[in-house]
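The values are calculated or read from the model by the stated rules, or taken from the named source; none is laboratory data. As the structure is a prediction and not an experimental result, all values here were calculated from the model. Counting neighbours? That spans all protein chains shown, and the Cβs are built from the backbone with ideal geometry, glycine included. Heads up: the accessible areas ignore ligands, DNA and RNA and are worked out on the full protein's heavy atoms, side chains in. Shrake-Rupley method; radii C 1.70, N 1.55, O 1.52, S 1.80 Å.
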Amino acid sequence: MSEALESWFKGFLEQVRIRKRQYLLGALEIVLSALTGFLVAALILYFIGYDPWYIFEIMLTYGFSDLGYLGTRAAPLIMTGLAFSIPLLAGVFNIGGESQLYMGALLGLYVAYVTHNVWLGLIAGFIAGALWGGLIAALRVYRGINEVITAIMLNWTAYYTIIYIILVYLPNPKQSHLSIQLPVSEMISYGETFTLAVVGALIAYFILYYTDIGYKIRVSGANPRSAVYAGFNPKTAIMASMLLGGGLAGYGGTLIIAGVTGSIDTTMSTLFGLGFTGIGVGLLGRNHPIGIIFSGLFFAGLIIGGQWVELLTGAPPYVTDTITGIIVIALSMPYAYRLLMNYVGRLGKK
Amino acid sequence: MTSNEYAVEMRGIVKVYPDGVVALKGVDFLVKRGEIHGLLGENGAGKTTLMRILYGEIKPTRGEIRVFGKKVSFRGPWDAIREGIGMVYQHFTLVPAFTVKENLYLSLLSVNPKARLSDAISKADKIAEETGLRIPYDEIVEELPIGVQQRVEIIKALLRDARILILDEPTSVLTPIEVRDLFKALRKLRDMGITIIFITHKLKEVKEITDRVTVLRKGKLVGTVETSKVDVKTLARMMVQREVVFKIEKKPAKPGEVVLEARDIHVIDEEGVERVKGISFQLRKGEILGVAGVQGNGQRELAEALAGIRRVSKGRIILRGKDVTGYNAYQRYMKGLAYVPDSRGTGLIPDMNLVENTALTNLYRILGWARRIKWDRAVEITSRVIRELEVVAPSLYAPIKHLSGGNQQKVMVGREIVREPDVFIVAEPTQGLDVAATEFIRKTLLRLRDNGKAILLISTDLDEVLQLSDRLAVIYEGRFLAMGRPEEFTIEKLGLIMGGIRE
Ligand SMILES: Nc1ncnc2c1ncn2[C@@H]1O[C@H](COP(=O)(O)OP(=O)(O)OP(=O)(O)O)[C@@H](O)[C@H]1O
Ligand SMILES: [Mg+2]
């Protein structure tokens, strides 16, 4: 085992040595985009009458001060980031992370509630998300239906169905706007929530880079013709990436239930948007599970900071949303652009 | 002498790639106006790098460039195009899903936004008239044979008024007849005053077409000479600094049992066109069966069907006594079959490193418990490929797209050779390889044959198939038109059969 570790480490160092320039340029790109993002955001704040320095100060100090809370908020984002990135590595656009997370939250909550065991809940959450993601993949693979369209429709289907289920079948007798509630004693701590998210990301990393199915996923996305030449079934790669990505989103949904809320509210306010934000998390993390852990933390910090800004300055939510939005777009733009050009370039060659 | 004598003057060119590879170490490269100038050198010598610099695609680390006497510093190819430079890459830059005329129009638009489609066509017509490079306008590019696509590329460059035309290994994918047509066109272009830079690994071609030739070696200039004053041997010595044997020893074959058999196979492509129309053959241990033919006559579909990448619509394939018609490629590879495709775009994943690329067809050999990939095993195999084929690469972990074309080819062929496959289907194994590497691959194929392996060699290089094959088949429009011993064919006779003429 230690030998394997040693050879891995050697390979890793060699990789860093050979791609030093590329990594440095990547880092530089991130720093420059962040600066651009903050600059544009500052200008906008200035013009609508806020003091940019003050706002940023609140965002960054309050956003990143409570590490336990930061990690917990980051956990679902890391998962939805992976839910976007893993299929993308196989060449599939999964914008269904949103509803895969919902499904995981719902089933995870139910199973954890019934069995009094969050671990079973987490497994159920994973399965629910995987099946929901697998549905998109199956429609694409066996019926040729574009995954983006299916995902958009399924997102809304899941949204309303879950609200209905909560209201009708799983209502909370004490609080009418909530679903059944996990007892606090059965929930997990903030630290555990974040740790479980990191473990999820590490497993994703291992699968992608150290197993045959992960390799097949990456080859299918990077050069479909090579995948066919090697005799890999492109359908398998798409299915596997969506099952894994969807599963992780579902697992992330259960993490929120098990670690933070213990229940789902009837407007889904604690879940809504996490899947979409995951797209930014995945792009900023450069589609790499380890990068996604950090970008998830960064995003969570911005979101928490934004809420503090609202609280302390009375700024309406759209102001902070705009600010986070601009920063996120600036950070993922260069990479997203490259991905898009790649995708467009390949369309003709299919 | 005034500097106006030269179309291109590159002096003291140094190129250090971002990963620290020094590709050019101070090269002087001078091309006279209106000449055909050959550029020679081993794989990885820096030829493509030098030309990409001239074309403005990458910037030199140091050095001065003059074009028609004017000092230039290009920010991108568009600057170079404006100065009258055109480049035809080995892998083409046409939009595959567009028709020929759309591609031509697109390229004309990039220099003249007000151009109309009719302008592009009338101009292309004129060029075709003058050079003899005939092209169809309404066909989709990706459906055209490589030779025709290349003509479109050349016309595309000329449309933009190129006065200096760079051709990077244009002949490595062409049949002798296509090469002859290309050379005719190049001579006409020269007579029209266009300067041509011509990269090739085939010394015969250098002798035939160029006026002067420059030889590079490991990023340094060996020299520039008048072609008429040197012979092929001297050129080879300048390139590799040792004697090259052009004749390969070949022992008589000792064919054994049949290991691959095709029984009346038919293949239909994505468009519903039947590309292989009933081919049957038996391939025995210890023999090389050559398949000659003009590209686009079904040899790719045949190879892919045999490898399991494509389904046959009819017929059976028997591999080592077992009917494998229903097996996929991966299963056939595990049964001892290997296939080298005719295109690196299929065989390699540009963004992945050497180890990951080697893993592609060796995957079943490096899987451990629970389908885990044992990367150290993959590293071992890759190191062997690098050592045995003398691949020039900065590191095992460099993305393969950073290797020179020939070195990529070595990885693609080498990763199959080290598997010691029982049945080996190779298409264009030496395309883009220098003389030494070509010699090595050919000798290796013969060694595998002598060790009892069965080889199906598909090549448009007639010298290659004639030299290596024990039996030779000629493919034309999806059928084997002739089958016989190589001695029964001459180049002329082969040429006729390849064109569909049976005596
Ligand atoms: N993009 C790149 N990044 C890093 N190194 C590169 C890159 N392109 C080429 N090289 C290196 O530069 C050297 C010269 O490569 P180049 O492609 O110019 O060779 P070449 O003479 O065209 O060879 P070939 O005959 O094989 O095509 C090689 O060692 C190659 O590995
Ligand atoms: Mg080259």
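Can you name the number of the only condition in (1) buried (at least 19 other Cβ atoms within 10 Å of the Cβ); (2) more than 16 Å from ligand 2 (Cβ to nearest atom); (3) away from chain A (no Cβ under 14 Å) that B:ASN103 fails? Every condition holds for B:ASN103 apart from (3). Going by the conditions given, is A:SER269 of a type in the set (Ser, Thr, Tyr) and assigned to a helix (DSSP H, G or I)? For A:SER269, the condition - of a type in the set (Ser, Thr, Tyr) and assigned to a helix (DSSP H, G or I) - is not met. The residues in region B:60-72 that are surrounded by fewer than 13 Cβ atoms within 10 Å (Cβ to Cβ) and within 28 Å of the chain's Cα centre (by Cα) can be counted, and the count is 0.
Residue check: A:LEU67 meets all listed conditions (1) more than 14 Å from every other protein chain (Cβ to nearest Cβ); (2) in contact (Cβ under 8 Å) with a residue 12 or more places away in the chain; (3) not acidic (Asp, Glu) but one, namely (2). The residues on offer are A:VAL199, A:VAL168, and the sole one that is more than 10 Å from chain B (Cβ to nearest Cβ), within 18 Å of A:LEU101 (Cβ to Cβ), open to solvent by 40 Å² or more (accessible area, probe 1.4 Å) and not hydroxyl-bearing (Ser, Thr, Tyr) is A:VAL199. Checked against the criterion of being part of a helix (DSSP H, G or I), open to solvent by 10 Å² or more (accessible area, probe 1.4 Å) and modelled with pLDDT under 90, region A:252-260 contains one or more residues that satisfy it.
Tally up the residues in region B:103-132 that are within 25 Å of B:ARG180 (Cα to Cα) and assigned to a loop (DSSP other than H, G, I, E, B), please.
Going through region B:103-132 one residue at a time, the tally reaches 1.
Having 1 or more residues that are within 27 Å of B:PRO394 (Cα to Cα) is the bar; report the strands (runs of 3 or more DSSP E) wholly within region B:32-79 that clear it.
Passing ranges, in order: B:36-41, B:62-67.
Out of (1) open to solvent by 10 Å² or more (accessible area, probe 1.4 Å); (2) at pLDDT below 90, the odd one out for B:LEU221 is which? The failed condition is (2).
Among the residues of region B:196-216, none qualifies, meaning not one is of a type in the set (S, T, N, Q) and within 17 Å of B:THR131 (Cβ to Cβ). Of all the residues in region A:11-35, those that are exposed (fewer than 13 other Cβ atoms within 10 Å of the Cβ), more than 13 Å from A:ARG286 (Cβ to Cβ) and within 14 Å of chain B (Cβ to nearest Cβ) number 6. Of the residues making up region B:172-180, one or more are modelled with pLDDT under 90 and either within 26 Å of B:GLY56 (Cα to Cα) or in contact with a strand residue (DSSP E or B) (Cβ under 6 Å, 6 or more places away or on another chain) (or both). Among the residues of region B:224-251, how many are of a type outside the set (A, V, I, L, M) and open to solvent by less than 60 Å² (accessible area, probe 1.4 Å)? Within region B:224-251, residues that are of a type outside the set (A, V, I, L, M) and open to solvent by less than 60 Å² (accessible area, probe 1.4 Å) number 3. For region A:210-251, the set of residues classified as facing chain B (nearest Cβ under 7 Å), β-branched (Val, Ile, Thr) and open to solvent by less than 20 Å² (accessible area, probe 1.4 Å) consists of A:THR211, A:VAL219, listed by residue number.
If you go through region B:73-82 and keep only what is buried (at least 17 other Cβ atoms within 10 Å of the Cβ) and over 26 Å from the mean Cα position of the chain (by Cα), you end up with just B:PHE74. No other residue among B:LEU182, B:LEU158 is under 22 Å from B:ALA115 (Cα atoms), crowded, with 20+ Cβ neighbours inside 10 Å and away from ligand 1 (no atom under 16 Å from the Cβ) apart from B:LEU158. Listed by position, the helices (runs of 4 or more DSSP H) enclosed by region B:397-468 that each have at least 3 residues that are over 28 Å from B:VAL379 (Cβ atoms), touching a helix residue (DSSP H, G or I) at 6+ places or on another chain (Cβ under 7 Å) and away from ligand 2 (no atom under 16 Å from the Cβ) are B:462-468. Within region B:412-433, the set of residues being in contact (Cβ under 8 Å) with a residue 60 or more places away in the chain, open to solvent by less than 10 Å² (accessible area, probe 1.4 Å) and within 15 Å of ligand 1 (Cβ to nearest atom) comprises B:MET412, B:VAL413, B:PRO429, B:GLY432, B:LEU433. Checking each residue in region B:134-185 for being closer than 22 Å to B:GLY38 by Cα and of a type in the set (Ser, Thr, Tyr) picks out B:THR171, B:SER172, B:THR175. Every residue in region B:3-59 that is without any contact (Cβ under 8 Å) to a residue 60 or more places away in the chain, open to solvent by 50 Å² or more (accessible area, probe 1.4 Å) and more than 28 Å from B:THR438 (Cβ to Cβ), please. Correct list: B:GLU5, B:ARG11, B:VAL16, B:PRO18, B:LYS59. Could you grab me the full set of residues in region A:283-304 that are open to solvent by 50 Å² or more (accessible area, probe 1.4 Å) and more than 14 Å from A:GLY325 (Cα to Cα)? Passing the criteria: A:ARG286, A:HIS288, A:ILE290, A:PHE294.
Taken over region B:31-72, the residue count meeting the criterion of being within 13 Å of ligand 2 (Cβ to nearest atom) and at positive phi is 3. Picking from residues in region B:376-408 that are surrounded by fewer than 21 Cβ atoms within 10 Å (Cβ to Cβ), without any contact (Cβ under 8 Å) to a residue 40 or more places away in the chain and not polar (S, T, N, Q), the one that is farthest from the other protein chains (Cβ to nearest Cβ) is B:GLU388.
Would it be correct to say that B:ILE279 is modelled with pLDDT of 90 or more, of a type in the set (Val, Ile, Thr) and either within 19 Å of B:ILE458 (Cα to Cα) or open to solvent by 70 Å² or more (accessible area, probe 1.4 Å) (or both)?
Values: modelled with pLDDT of 90 or more: yes; of a type in the set (Val, Ile, Thr): yes; either within 19 Å of B:ILE458 (Cα to Cα) or open to solvent by 70 Å² or more (accessible area, probe 1.4 Å) (or both): yes.
Spelling it out, B:ILE279 is indeed modelled with pLDDT of 90 or more, of a type in the set (Val, Ile, Thr) and either within 19 Å of B:ILE458 (Cα to Cα) or open to solvent by 70 Å² or more (accessible area, probe 1.4 Å) (or both).
Confirm whether A:THR254 is within 17 Å of the chain's Cα centre (by Cα), in contact (Cβ under 8 Å) with a residue 24 or more places away in the chain and over 27 Å from A:LEU340 (Cα atoms). Give the steps one after another, and end with the answer.
Working: within 17 Å of the chain's Cα centre (by Cα): yes; in contact (Cβ under 8 Å) with a residue 24 or more places away in the chain: yes; over 27 Å from A:LEU340 (Cα atoms): yes.
When the stated conditions are applied, A:THR254 passes them.
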